[in-house]
Amino acid sequence: MCGIVAYVGPKEAYPVILKGLKRLEYRGYDSAGVALLSDELKVYKKKGMVADLEESLVGKDLHAHIGIGHTRWATHGEPSDRNAHPHRSASGKLAMIHNGIIENYGQLKQELANKGYSFSSDTDTEVLLHFIDDIRENNHCTLEEAIRIALRRVTGAYVIVILDTESPDTLIAARKGSPLVIGIGKGEHYLASDASPIIEYTKEVVYVNDYELAIIKPDELILKNLGNEKLTPYVQKLDMELAAIEKGGYEHFMLKEIFEQPHTIYDCLRGRLDISSGKILMSGVEQHIEQLKNANRIIMVACGTSWHAGLVAEYIFEELCRIPVEVEYASEFRYRNPVIHKGDVIIAISQSGETADTLVAIEKAKEQGALIFGVLNVVGSSIARTSHAGAYTHAGPEIGVASTKAFTAQLAVLTMIALKLAKEKGTIDEKRYLHLLTELHDIPEKVQVILEQTENIKKIAEKYADARDFLYLGRGYNFPVALEGALKLKEISYIHAEGYPAAEMKHGPIALVDETLPVVFVATRDAYHEKIISNMQEIKARKGMVLAVISEGDETITKMADDVMVVPVCDEIVAPMLNVIPMQLLAYYIGVYKGLNVDKPRNLAKSVTVE
Ligand code: G6P
């Protein structure tokens with residue numbers, strides 16, 4: 001979704017904001033803009049990437065020590081210069097940026113129109129700004145008071161940051177449902193949607209909570225609730241290095257993140273998986289061990305790639321822990337009045353920790369008494385703060401819009417949780433338990449082996465890059481991998497791709513098979529191996545092209561398939577962590593071959609903070 005950056009302090013604001021917007025561009029990239037306040041308030045906006053804005057500003061007066069910037073992912077109104085943020089109030093005194101959606105903007109707009117306001121954009125943001133401006137002008141109150149009054153009437157999600165010509169050294173920000181981090185420097189403050197624009201200046205940050213208002217001057221940060229009571233800001237230290245958010249020699253963030261996986265999985269296992277003592281140490285699990293192991297059922301709630309991690313985990317938890325598991329799309333779960341009992345455990349899976357649907361889904365389940373356990377990548381994120389307990393995935397910042405390393409880290413964490421619970425419950429025998437610990441331990445090294453075959457996968461990608469459709473098939477643990485493979489391909493290459501359980505293919509998708517259709521089988525050795533070979537034969541008999549992810553030494557499929565991508569032999573429970581790697585590389589190289597922007601695919605956003 002949209003990204004926001006703001007600065008107040010002794011530095012020139014524009015370069016800080018511009019750099020921050022580039023770091024946040026993964027959140028939205030259909031238009032961008034800045035507002036800078038020195039002698040006068042200047043607002044510049046442009047449709048397109050942040051680089052287009054930058055180019056359009058060459059030679060302009062950009063001097064200011066306070067400013068706000070925005071990169072947009074359109075919700076209300078098409079991507080255009082006029083709909084880009086910041087917006088300006090009718091009085092001309094205020095400029096505002098906004099991330100989120102004002103749901104009742106239609107009603108507010110009508111009220112303002114009745115009062116004679118006109119609108120220069122189609123956005124909900126401009127409506128909120130006029131509303132705040134109107135309250136301040138008519139009630140002769142402070143901007144802070146006007147914001148409080150306005151926000152009490154607003155429904156929806158927002159982070160707003162406002163610049164005011166009447167207080168030229170002050171930014172006012174407010175949040176409900178969308179993320180906001182404030183970086184504390186020496187006599188300066190940085191505001192952003194996440195820590196990536198802040199990290200190179202300071203590691204001291206405050207995460208603003210819902211219904212809080214921040215009044216920020218160069219050397220002062222005041223936090224209040226909407227009832228005007230002062231709150232004590234909770235200053236945290238960022239555990240992140242600048243190098244983690246830069247490309248480090250790779251052509252794209254996505255490729256860098258695919259190649260980081262041996263390290264990220266290792267980091268995720270490190271300090272938790274102790275082969276010598278046969279223990280898994282996870283404090284979040286230990287603190288709630290009784291509730292977790294005695295859960296009536298576990299409900300995995302997530303969206304996108306994280307939902308696929310939940311599907312893999314369903315197979316693992318049911319197999320190892322004998323606890324019934326359901327996997328829910330957060331967007332459906334939150335609206336369909338689900339039955340939740342006290343003994344239920346919700347596992348919320350999210351890379352960003354900010355996905356609006358997942359956040360609201362767990363808030364609802366929490367109200368009904370469920371234990372909320374987060375499997376999250378971003379420390380201090382909204383879902384982390386809403387959960388009772390959790391385990392971080394430690395994959396580091398993921399910038400490429402299509403999730404890669406976060407997925408494998410999610411699988412590593414979920415597998416460890418399942419193993420720990422199974423051990424506690426006594427639903428796994430010692431031999432299998434210890435075998436699976438070793439299997440998990442070996443995953444980073446095996447991922448490295450797969451990455452060494454990148455050139456082969458690149459060639460396969462180029463061979464099939466012009467296909468119009470793809471079908472991805474898998475069984476058991478490999479079925480969610482097939483879904484993830486198809487999702488990666490459509491995200492990155494815009495090729496239509498569907499994932500299916502291999503046997504279910506007979507109930508529809510087989511009608512699509514002809515000599516032009518590449519069918520990707522995730523067919524490593526597991527309990528279903530013979531069955532998936534039969535499915536492959538069914539495709540070959542109809543002249544479909546077969547690409548298969550296979551275990552090392554699988555001669556049968558090597559002879560049968562048009563192309564193979566080989567992965568090291570492993571237990572089926574940990575196989576998805578390996579098998580997804582060729583899927584990621586295949587999608588990546590097809591996208592690159594087609595000349596597409598793989599890090600920022602059209603219409604997609606990294607952090608979906610609107611429903
Ligand atoms: C967006 C991203 C996906 C991601 C999904 C869920 O659609 O583009 O890559 O899987 O959101 O995000 P989350 O941060 O909750 O894992």
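Each residue, Leu596 and Phe119, gets one label point 7 Å from its Cα in the Cβ direction; the gap between the two is 3.3 nm.
Every helix of 4 or more DSSP H residues in the chain counts as -39500 (n - 2.57), and over all residues that averages to -11500 deg cm²/dmol at 222 nm. For the residue pairs Lys45/Lys247; Lys19/Lys600; Lys22/Lys490; Lys364/Lys488; Lys22/Lys606; Lys47/Lys176, alpha carbon separations beyond 20 Å are given by Lys45/Lys247; Lys22/Lys490; Lys364/Lys488; Lys47/Lys176. Can you pull the percent of the chain's accessible area that's carbon plus sulfur, 1.4 Å probe, other chains left in place? Using a 1.4 Å probe with all protein chains present, the chain comes out at 50 percent carbon and sulfur.
For region 438-468, applying the loop criterion from DSSP together with a ceiling of 13 other beta carbons within 10 Å to the trypsin sites (Lys or Arg not before Pro) yields Arg468. May I ask for the distance between the Cα centers of region 360-399 and region 44-75, given as a whole number of Å? So the two Cα centres are separated by 33 Å. Taking a point 7 angstrom from the Cα of Arg468 along the C-beta vector, which residues in region 505-529 have backbone N less than 13 Å away? From region 505-529, the list is 512-518. The Asn456 and Asp274 beta-carbon pair, evaluated with R₀ = 45 Å, returns a calculated FRET efficiency of approximately 0.80.
Near Arg297, the amide H atoms lying under 5 Å from its own belong to Val345; only residues 5 or more places off or on other chains count, and H is placed 1.01 Å from N.
Normalising the Debye intensity of region 452-598 to I(0), with uniform scatterers on Cα atoms only, and taking log10 at q = 0.17, 0.19, 0.20 Å⁻¹ returns -0.86, -1.09, -1.23.
Nearest 0.05, what FRET efficiency do Glu55 and Tyr250 give at R0 = 25 Å with Cβ-Cβ as r? Once the sixth-power term is evaluated, E becomes 0.50. The value of relative contact order for the chain, using C-alpha pairs under 8 Å at least six residues apart, is 12 percent. At full extension, Ile222 and Ala511 could sit 97.7 nm farther apart than now, given 0.36 nm per residue minus the alpha carbon distance.
Given their separation in residues at 0.36 nm each and the Cα-Cα distance between them, Asp442 and Leu238 gain 70.4 nm when the chain is fully extended. As I understand it, the value is the acute angle between the Cα axis of helix 430-451 and the longest principal axis of the Cα atoms of the chain; what does it come to in degrees, rounded to 10? In the chain, helix 430-451 runs at an angle near 70 degrees to the longest axis. The loop-placed chymotrypsin sites (Phe, Trp or Tyr not before Pro) in region 273-337, going by DSSP, that have at most 14 neighbouring Cβ atoms within 10 Å of their Cβ come out as Tyr335. Here the average projected area of the convex hull drawn through the C-alpha atoms of region 247-441 stands at 10.3 nm².
Restriction of the trypsin sites (Lys or Arg not before Pro) in region 326-383 to DSSP coil positions whose beta-carbon has at most 15 other beta-carbons within 10 angstrom yields Arg336, Lys342.
Binning the alpha carbon pair distances of the chain at 10 angstrom intervals from zero yields the distribution 3, 17, 25, 24, 17, 9, 3, 0, 0, expressed in whole percent. When only Cα pairs under 8 Å and 6 or more residues apart are kept, what is the percent relative contact order across region 247-441? That works out to 27 percent. Taken over the alpha carbons of region 258-374 as equal point scatterers, the Debye sum produces base-10 log I(q)/I(0) values at 0.10, 0.19, 0.21 Å⁻¹ of -0.32, -1.11, -1.28. Report the antiparallel proportion of the DSSP beta bridges in the chain as a percent, rounded to a multiple of 5. Roughly 60 percent of the DSSP beta bridges within the chain come out antiparallel. Report, to the nearest 10°, how far helix 405-425 tilts away from the longest principal axis of the Cα atoms in the chain, using its own Cα long axis and a range of 0 to 90°. The angle comes out near 60 degrees.
A Förster distance of 30 Å, applied to the separation of the beta-carbon atoms of Lys366 and Asn603, puts the FRET efficiency at 0.40. Averaging 1/r across all pairs of distinct Cα atoms in region 2-243 and inverting the result yields a Kirkwood radius of 17.5 Å.
Judged by the gyration tensor of its Cα atoms, with axes a ≥ b ≥ c, region 254-316 is oblate; a/c meets the 1.5 cut and b/c is at least as large as a/b. Compared with the alpha-carbon gap, the fully stretched path from Tyr211 to His263 is longer by 14.9 nm at 0.36 nm per residue.
The values are calculated or read from the model by the stated rules, or taken from the named source; none is laboratory data. No experiment lies behind these values; they were computed from the predicted model shown. Neighbour counts are summed over all protein chains in view; Cβ atoms, including those assigned to glycine, are modelled from backbone coordinates with ideal geometry. These area figures cover heavy atoms from the full protein model, side chains too; ligands, DNA and RNA do not enter into them. Shrake-Rupley method; radii C 1.70, N 1.55, O 1.52, S 1.80 Å.
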